[in-house]
Amino acid sequence: LGATLDQAMATKGEEVAGVKCISCHKTTDEKLVGPGWKGVTQRKKPEWIMNFITNPDPMIDKDPELQAQLELCLVRMPNQGLSDNDARNILEFMRKNDGVQ
């Protein structure tokens with residue numbers, strides 16, 4: 001990741017998230033179906049976020065924190081079939097949402 005935000009990637013990530021993610025996730029810390037995104041890039045490593053976006057099922061099966069989150073949300077995050085490029089763009093949008101400029 002760059003020290004500064006890649007605005008083009010963040011814009012593309014916002015577009016993809018608008019279609020694939022925002023029906024279940026808010027950009028605040030408020031839970032909708034899934035948890036809100038506020039602060040996620042400060043709590044989780046970029047690799048973890050991208051892996052979860054592209055491979056939610058095996059991560060939910062192995063990660064105790066995700067299993068606990070599932071008990072709160074009661075809905076598994078579906079695999080949206082997103083590419084690594086889509087996940088990277090969404091990550092950049094999440095960074096923007098968390099105040100990276």
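The values are calculated or read from the model by the stated rules, or taken from the named source; none is laboratory data. Values in this document were obtained by computation on a predicted structure and should not be read as measured data. All Cβ positions, glycine included, derive from the backbone under ideal geometry; neighbour counts span all protein chains shown. Only protein heavy atoms, including side chains, enter the accessible area calculation; ligands, DNA and RNA are left aside. Shrake-Rupley method; radii C 1.70, N 1.55, O 1.52, S 1.80 Å.
Checked against (1) closer than 16 Å to residue 17 by Cβ; (2) within 10 Å of the chain's Cα centre (by Cα); (3) open to solvent by 40 Å² or more (accessible area, probe 1.4 Å); (4) without any contact (Cβ under 8 Å) to a residue 40 or more places away in the chain, residue 50 passes all but condition (4). One residue stands out among those in the stretch 66-84 that are in contact (Cβ under 8 Å) with a residue 40 or more places away in the chain and not β-branched (Val, Ile, Thr): the one that is most open to solvent (accessible area, probe 1.4 Å), which is 72.
Matching residues to (1) part of a helix (DSSP H, G or I); (2) open to solvent by 60 Å² or more (accessible area, probe 1.4 Å); (3) in contact with an Asp or Glu (Cβ under 7 Å, 6 or more places away or on another chain):
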| site | (1), (2), (3) |
| --- | --- |
| 24 | no, no, no |
| 31 | no, yes, no |
| 41 | yes, no, yes |
| 87 | yes, no, no |
| 95 | yes, no, no |
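Being closer than 19 Å to residue 100 by Cβ, under 11 Å from the mean Cα position of the chain (by Cα) and either in a loop (DSSP other than H, G, I, E, B) or basic (Lys, Arg) (or both), is that true of even one residue in the stretch 69-85? Checked the stretch 69-85: no residue is closer than 19 Å to residue 100 by Cβ, under 11 Å from the mean Cα position of the chain (by Cα) and either in a loop (DSSP other than H, G, I, E, B) or basic (Lys, Arg) (or both). Which members of the stretch 1-21 meet the condition of being among the aliphatic types (A, V, I, L, M), modelled with pLDDT of 95 or more and surrounded by fewer than 14 Cβ atoms within 10 Å (Cβ to Cβ)? Selection gives 8, 19. Just one residue in the set 12, 45, 31 is out of contact with any Ser or Thr (no Cβ under 8 Å at 6 or more places or on another chain) and without any contact (Cβ under 8 Å) to a residue 12 or more places away in the chain; that residue is 45.
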